[in-house]
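Written out below as structure tokens is the structure these notes cover.
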Amino acid sequence: MNKILIKSEDKKLVNELFWNSFLLEASYNYERQQALGFCVGMWPAIKRFYKTKDEQAKALVRHMAIYNTTPHVSSAIAGVAAAMEKEASLNQDFDINTINSVKVGLMGPLAGIGDSFFWGTIRIIAAGIGISLAQQGSPIAPLVFLLLFNIPHILVRYFGCKFGYAFGTNLLSNLNSNGIIQTISKGATIVGLMVIGAMSASMVSMSSSIIFKIGETDFALQKYLDQIFPLLLPLCYTLFMLWLLKKGLKSSHILFITIIIGILGHTVGIF
């Protein structure tokens, strides 16, 4: 691959994406998680690449899909997404669904790396040094902690954004010239669906407490469900919520339905 470079006219955009990336968790919610913050963070790219209000609105709605990753590495995904938005604005044949598929495909693996590095390593080291200084009565202990954690964080956030945008721009240019963008699009969609499936399995918790008594033997329904089809109940309820969304119910209504089902199910001994 050719050396990854950013054109001079794109440097301002990368800087804007970097600063906007700090808004990622400004409006975290359990329906879309970090989506609103990511959407606002993408505004410099959307405003630059799309000239009509209708195109800008469609791009903003596109980035309101559920999104969640380690905040410190999110700027890299924003850089790639911005490069793809640029391509979508220039190429009428570009499949815009690929943008969210790539986002979803990246957010899981990068979250694993980001959580391990920042929350599991850098934070522990910085806190250990800061606490050690605090125990000795040093007034600069909080400052040392903040510097040790945030210097690597800000460097990764900035250069991640720069690399993501440059990598995405160069990659899309090469793929278009080689004519294999459709294959990448299909692969990204598959990976994205797999990540969403994994998120559903890990974030939706449901089990049955029903026990059948046959003679002197107790048969726990959940035990046999797990043997036949692990996590069957969470899958069924996820599909049920999807069906309700397609029927036009609001997420707040589905939340209340879930609460009611949980209370009633526990009361009668189903869950």
Please tell me if HIS63 is under 17 Å from the mean Cα position of the chain (by Cα) and farther than 27 Å from PHE149 by Cβ. yes
Give the residue, chosen from ILE190, ILE261, ILE184, that is modelled with pLDDT of 75 or more and not aromatic (Phe, Trp, Tyr). ILE261
PHE271 is checked against (1) surrounded by 11 or more Cβ atoms within 10 Å (Cβ to Cβ); (2) not in a loop (DSSP other than H, G, I, E, B) and fails just one. What number does that condition carry? (2)
What are the residues in the range 64-79 that are of a type outside the set (Gly, Ala, Ser) and surrounded by 24 or more Cβ atoms within 10 Å (Cβ to Cβ), if any? THR69, HIS72, VAL73, ILE77
Would you check which residues across the range 1-35 are touching a Phe, Trp or Tyr at 6+ places or on another chain (Cβ under 8 Å), of a type outside the set (D, E, K, R) and either closer than 30 Å to MET203 by Cβ or surrounded by 16 or more Cβ atoms within 10 Å (Cβ to Cβ) (or both) and list them? ILE6, LEU13, VAL14, LEU17, PHE18, ASN20, LEU24, GLN33, GLN34, ALA35
Under the condition of being open to solvent by less than 40 Å² (accessible area, probe 1.4 Å) and among the hydrophobic types (A, V, I, L, M, F, W, C), which residue from the range 111-133 is nearest to ALA198 (Cα to Cα)? ALA111
Take the conditions assigned to a helix (DSSP H, G or I) and open to solvent by 80 Å² or more (accessible area, probe 1.4 Å) and apply them to LEU233. Does it pass? no
Check off (1) in a helix (DSSP H, G or I); (2) open to solvent by 20 Å² or more (accessible area, probe 1.4 Å); (3) of a type in the set (S, T, N, Q); (4) over 17 Å from GLY160 (Cβ atoms) for THR98 and give me the number that stays unchecked. (2)
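The values are calculated or read from the model by the stated rules, or taken from the named source; none is laboratory data. It should be emphasised that the depicted structure is a prediction, and the values quoted were computed from it without experimental measurement. Positions of Cβ are generated from backbone atoms using ideal geometry, with glycine treated the same way; all protein chains shown enter the neighbour counts. Surface areas here come from the heavy atoms of the whole protein model, side chains and all, with no ligands, DNA or RNA. Shrake-Rupley method; radii C 1.70, N 1.55, O 1.52, S 1.80 Å.
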